[in-house]
């Protein structure tokens, strides 16, 4: 056990050093004051993003400056996660994989939507993020498929488990030409599969199990409000993801019967017993679902950043870093797009994740 903590102590020390590179509020003030996206990118070249932006500039020469920024930020995110993986002891790599799998699900959904809409493979690939198990070459191959059948075939050839849920939803897709069934099957499988991989009750396994359950709860809560907006004809119960701890299936079904958002929210607050979650739900803006999603993400981030302080020799340190890194990437992209679109500084600042 002592040797294990020594091993994870090394990667945690590396992660703490990388945390020192994060922008603080004063840095964001300086970035917000920059006049144009070109100047914004130049200012980032003296930071840890410099290498990736230079590489993106060379690879995407002649493309809009926003493409250079997007790909530079994606490259930095991917490179950072690879560094975490490469420098982590083998004993916790399987746990770290459970932290990153969300990107594989994101990429597969993006590819499925692209195939469904007949989008050019190069365009599909351009918005994928190689931050999970699928590297750039794998994502290129997946994006190149002409239909869902081809996508499933490739995944099965690679013995990748995600072929299973896609096959499960394929017949419904072929019959109704709606991708929601495949996406929901993918979500349900991903969480169930990765929860099943967590064996034992050591502190790091327990922390990761709690993270997955938190993510499931957040996903189910967000789904309640999205479903009310979408008026989807797909069976409501199929939207529920098993494995959370704050919202049971019967609660989900009851809440799904509400027609008024405020009434549903008030009932949800009485069902959820966790005080931090109840407090967050009391302050959400039901008119801005994307911001609501970020707020739920931030709620989870704060929990594991607190744990990282209390348990500095656990995987909570890596989880906290992960959430902060993703937030910073989103912030930098928001500022860049804001500068390119001449959005007022105060308006950009309102949506920054600080």
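Nothing in this text is a laboratory measurement; each read-out follows from the coordinates by a stated rule. Because the structure is predicted, anything quoted here is derived from the model rather than measured. For neighbour counting, all protein chains shown are included, and Cβ atoms are generated from backbone atoms with ideal geometry for every residue, glycine included.
Based on Cα atoms of the range 106-153, Rg over Rh with Rh as the Kirkwood radius reads 0.91.
Over 23 Å apart: what share of the alpha carbon pairs of the range 201-314 falls there, rounded to a whole percent?
On the way: 1930 of 6441 pairs.
Value for the range 201-314: 30 percent of Cα pairs lie more than 23 Å apart.
Eigenvalues of the alpha-carbon gyration tensor of the range 84-217, scaled by 5 and square-rooted, set the equivalent ellipsoid semi-axes at 28, 17, 12 angstrom, largest first.
Sorting 214, 276 by the number of Cβ atoms found within 10 Å of their own Cβ, with the fewest placed first, yields 276, 214.
Take every Cα pair under 8 Å in the range 201-314 that's 6+ residues apart, average their separations, divide by the length, and report that relative contact order as a whole percent.
On the way: 76 pairs, mean separation 31.1, N = 114.
RCO, the range 201-314: 27 percent.
Among 221-229, 66-74, what's the highest-first ranking by average C-beta atoms within 10 angstrom per residue?
Details: 221-229: 17.6, 66-74: 21.0.
Result, highest mean first: 66-74, 221-229.
Fewest Cβ neighbours within 10 Å first, please rank 246, 350 accordingly. Provide the component values of the computation, followed by the final result.
On the way: 246 19, 350 9.
By the 10 Å Cβ count, ascending: 350, 246.
For the chain, calculate the relative contact order in percent as a whole number, restricting contacts to Cα pairs under 8 Å that are 6 or more residues apart. For the chain, the relative contact order is 20 percent.
Taking neighbour Cβ counts within 10 Å as the exposure measure, how do 346, 136 sort from fewest upward? Write down the numbers at each step before the final one.
Values: 346 8, 136 12.
Exposure proxy ranking, most exposed first: 346, 136.
Here the chain is treated as an ellipsoid with the same Cα gyration tensor; its semi-axes, largest first and in whole Å, are 30, 26, 24. Calculated [222 nm] ellipticity per residue, helices only, for the chain: -23500 deg cm²/dmol; basis is -39500 (n - 2.57) per DSSP H run with n ≥ 4, divided by all residues, nearest 500. Once you have a ≥ b ≥ c as the square roots of the Cα gyration tensor eigenvalues for the range 1-120, tell me rounded if a/c is under 1.5, and otherwise prolate or oblate according to whether a/b is larger than b/c. Here the range 1-120 falls in the oblate category.
Order 256-269, 328-341 from most to least packed using the mean count of other Cβ atoms within 10 Å.
Averaged packing, sorted descending, gives the order 328-341, 256-269.
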